[in-house]
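> The structure is given below, and queries will be raised subsequently.
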Amino acid sequence: MKSFLAAIAFLTRLPVGQAFDTKDVARSAGWFPLIGVLLGIVYTVAAALLGGHLPWGVIAVLLVILDALATGALHYDGLADTADGFGGGQSREDVLRIMRDHAIGSYGGVALAALVALKVTAYAALLKQSNWMEAVVLTPALGRWSILPLTAALPYARASESVVEGMGKWPLLWGTVAMAAALAASLSVRALIAMAAVAAITAVFGFYCRHRIAGITGDTLGASVQLSECAALLAFLWAS
């Protein structure tokens, strides 16, 4: 139970009533896909309650806002920092230094704008379909699953200590089992296609991170979550 609560505290802004150290968070990584499922259920309930009262496009915007609020915009920030670092840095040291800067540059601004536009458009299109719920529930889970293969396969790119270093391979095993159970429960071929798309994007992004900075950082993991969610949404639309 402690590791589950640590995962909630790390990935969301929900109050859990206690503090956790880096070891607790590292041990909680196997729960990440399940936390994504829970977030997806919250978003699904919100969309269902608003449906029939507001246009789907407006609901899509509200879902993205709810996602940012529920997670403290953690992964949005990671995407922006990663885009600034990879876009503006030449050497490995440049990239890591730029990602440390909390100010958002032009690359980060464009990345965030493109991300929000894509998510809003994709959600608006999916919400018009009769089987939209599986996409809204599973997309956050698939995004958070993408963290696990990256932390299992790649080293932490900075010299300083990080919670990322303690995650390792066991969370990948348990998290993948949980993700597989969620996919099986959906009884959807579209969900399997979305999983394949997320796995492919995660692998490509992992190779790119290895090439540019010889590993991963917290920012690149956040970027992976956002890229994977976009890949999942597009896959759900493509396979409709």
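The values are calculated or read from the model by the stated rules, or taken from the named source; none is laboratory data. Everything numeric in this text was worked out from a predicted model, so none of it was measured. Because the Cβ atoms are built from the backbone with ideal geometry, glycine has one as well, and the counts that use them run over all protein chains shown.
Residue by residue, here is whether (1) in contact (Cβ under 8 Å) with a residue 40 or more places away in the chain; (2) outside any helix (DSSP H, G or I); (3) among the polar types (S, T, N, Q) holds:
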position	(1), (2), (3)
Val95	yes, no, no
Ile98	no, no, no
Ala103	no, yes, no
Tyr107	no, no, no
Val110	no, no, no
Ala117	no, no, no
Thr121	yes, no, yes
Ala124	yes, no, no
Ser130	no, yes, yes
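Residue by residue, here is whether (1) at positive phi; (2) surrounded by fewer than 15 Cβ atoms within 10 Å (Cβ to Cβ); (3) outside any helix (DSSP H, G or I); (4) more than 15 Å from the chain's Cα centre (by Cα) holds:
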{"site": "Ala6", "(1), (2), (3), (4)": "no, no, no, yes"}
{"site": "Gly17", "(1), (2), (3), (4)": "yes, yes, yes, yes"}
{"site": "Phe20", "(1), (2), (3), (4)": "no, no, yes, yes"}
{"site": "Val25", "(1), (2), (3), (4)": "no, no, no, yes"}
{"site": "Gly36", "(1), (2), (3), (4)": "no, no, no, no"}
{"site": "Thr44", "(1), (2), (3), (4)": "no, no, no, yes"}
{"site": "Leu49", "(1), (2), (3), (4)": "no, yes, no, yes"}
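> Could you list, in sequence order, the residues of the range 153-163 that are farther than 17 Å from Ile35 by Cβ and modelled with pLDDT under 80?
Taking the range 153-163 and keeping what is farther than 17 Å from Ile35 by Cβ, we get 153-162.
Result: Ser160, Glu161, Ser162.
> Something else: Looking at Ala73, Ala103 in this structure, which one is at negative phi and either in contact with a Cys (Cβ under 6 Å, 6 or more places away or on another chain) or modelled with pLDDT under 95 (or both)?
Unique residue meeting the criteria: Ala103.
> Where the second residue is buried (at least 21 other Cβ atoms within 10 Å of the Cβ) and basic (Lys, Arg) and the first is in a helix (DSSP H, G or I) and lies in the range 205-231, which pairs have Cβ atoms under 7 Å and are six or more apart or on separate chains?
Close Cβ pairs satisfying both conditions: Val225/Arg144.
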